[in-house]
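What follows draws every value from the coordinates through simple rules; no lab data is involved. Since this is a predicted model, take the numbers as computed values, not measurements. Every residue, glycine among them, receives a Cβ derived from its backbone with ideal geometry; neighbour counts consider all protein chains shown.
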Amino acid sequence: MTVLRTKLKGILGKMTSLSVVLLFASASHSQDIHFSQYLSSPAILNPAFTGDFKGDYRLTGNFRNQWNSITVPYRTVGLTVDAAHFLTKPNLGVGISIYDDLTGDSEYNTTTVVLSGAYAYPLTRDSAQKIHFGLQPSYVLQSLNTSALYFDNQYNGQLGKFDPTLPSGEAFSVNNVQWVTMAAGLRYSYMLDSRNKLDVGLAGFNLIGSDNTLESSSTRLQRRYNFHGNVQFKALQKLDLIPGFLYTSQGKSKNLISGISGRYLYNASTAIHAGFWYRNRDAGFFTAGLTYQTLYIGLSYDMTTSKLREASNGRGAFELSIIYVFRKFRMIDGKYMTCPNYL
């Protein structure tokens, strides 16, 4: 009897965990992918960030692994390559991004190919202040693996287990859907010097698009708006502080991330980063990073504070971001003065 009660508790516990995950998943239906380290994923933060860096080419990689302690992990991978000075234009940037998001037991997969372009208009002669405009057309493909799912009609009472060979009784009209959409962004940046900066912007995503549902009824992906800002200032001789925020609105879903990071200048080529950020009513997360010359590596870990905490034991998501800037070697044209020949 004790063994039976223990098994029942285990089953109920798993059902409770699954129910919480399903509720959370349904609440986030038709939402875009996201990263906690949003400043390290500029392409999905604001298209106006395209090409805005010191160098020629920038490679950005993002990886997020979420809810390992509850169910099949939710995994998101992103890769972006963008270029500054496109066509030798100093204020024109272009880029391409690929994102792959895999969700849950159903292997619900979203693959997104993004093209980005941005132009920075100087407001001052020294280009310390700029207005950035960005556009971003995207192609999205979503698919669902129904063979990986079990349904109540497939439960064999005689065997006491699920039999995947039995008909599910479910009718899926399609297993994949694809569409094209558009995003646009606007930013204002002010760089007093390399350690004192201000940046604020607004971006809109899913501005156009067709149906994106795997169901028989049509559903259009809701528009997402990002309003973000951050400031970097010199606090001590070797320490910079970087407070910031990101407010996201998509349909009925609202999200606010706020926090602060510190940047310690270890030497001329190395900086150490650390910070704490909070996603309103969802999770708090620590960030740590290292900059060496033109390479940045960032890590973060989310600690769940919402009702999902009961099922996840507070465990959230792990994230890794890598940014590398390529700079071409340029010969410096020397200016020579011919000495007079006195001989």
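Values for this structure:
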item: Gain upon complete extension [ASP193, VAL231; 0.36 nm per residue less C-alpha separation]; result: 12.5 nm
item: Segments 186-192, 122-128 sorted - mean Cβ within 10 Å per residue, highest first; result: 186-192, 122-128
item: Efficiency of FRET from Cβ geometry, TYR278 and THR111, R₀ 25 Å, rounded to 0.05; result: 0.25
item: For the stretch 254-263, Karplus couplings with θ = phi - 60° (6.51, -1.76, 1.60), whole Hz, Gly/Pro x; result: 10, 8, 10, 10, 9, x, 8, 10, x, 10
item: Ranked by how many other beta carbons lie within 10 Å on average, peptides 229-237, 34-42, 244-252, 50-58 from highest; result: 34-42, 50-58, 244-252, 229-237
item: Gain upon complete extension [SER127, SER253; 0.36 nm per residue less C-alpha separation]; result: 41.6 nm
item: Inter-probe distance in nm under a simple model that places probes 7 Å from Cα toward Cβ, at ASP152 and LYS89; result: 5.9
item: Summed side-chain charge close to GLY262 - residues other than GLY262 whose Cβ falls under 12 Å, Lys, Arg +1, Asp, Glu -1; result: +2
item: Among the listed pairs LYS161/LYS252; LYS89/LYS254; LYS89/LYS197, those beyond 28 Å (Cα-Cα); result: LYS161/LYS252; LYS89/LYS254
item: At R0 = 45 Å, FRET efficiency that the Cβ-Cβ distance of ILE98 and ILE260 yields, to 0.05; result: 0.90
item: MET303 paired with LYS238, simple spin-label distance in nm, labels 7 Å along Cα-to-beta-carbon; result: 2.8
item: Under 5 Å, built H, 5+ apart or other chain: amide partners of PHE162; result: ASN156
item: Proximal charge balance of GLY251 [Cβ under 10 Å; K/R count +1, D/E count -1]; result: +4
item: For ASP105, distant residues with modelled amide H under 5 Å away; result: VAL72
item: Virtual spin-label span in nm between ASN176 and LEU320, 7 Å along Cα→Cβ; result: 2.8
